[in-house]
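Report on the structure given below.
No lab work stands behind these numbers, since they all come straight from the coordinates. Here the structure is a predicted model, which is why all the values come from computation and not from measurement. Ideal geometry is used to build each Cβ from the backbone, glycine not excepted, and the neighbour counts take in all protein chains shown.
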Amino acid sequence: MGKYDRTQEQDMEIVRRVHQLAERYGVKMQQIALAWEWAKGVTAPIIGLRSIPFDDAAGAFSVKLTEEDIAFLEEPYAPHRIVGAVDSNPPEGTKLLDEKK
């Protein structure tokens with residue numbers, strides 16, 4: 001089982017909704033995702049311009065999502081359980097993994 005298999009159906013519903021809005025606005029899905037980030041106040045999204053052409057990323061500035069659009073995208077979302085990362089330090093404090101004894 002992969003790390004995120006438990007939430008795959010929930011995540012795919014969000015992807016379907018991004019696709020629906022992209023079709024409605026006549027833009028690419030990544031532009032909807034970036035427009036959502038900017039609508040939420042993210043001013044420096046982390047994007048890979050190798051995978052998203054610069055013109056596509058810049059074009060997201062012209063997408064103005066409504067409050068209804070944002071609610072539509074967020075409605076199926078539920079926070080994911082932390083997987084593959086340390087969500088707290090052990091009681092004795094942090095440990096250096098490469099510490100030589």
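Tabulated data for the structure shown
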| read-out | value |
| --- | --- |
| Theoretical gain in end-to-end length, residue 80 to residue 67 [0.36 nm per residue, Cα-Cα removed] | 2.3 nm |
| 13 Å beta-carbon shell around residue 13, net charge (K/R +1, D/E -1) | -2 |
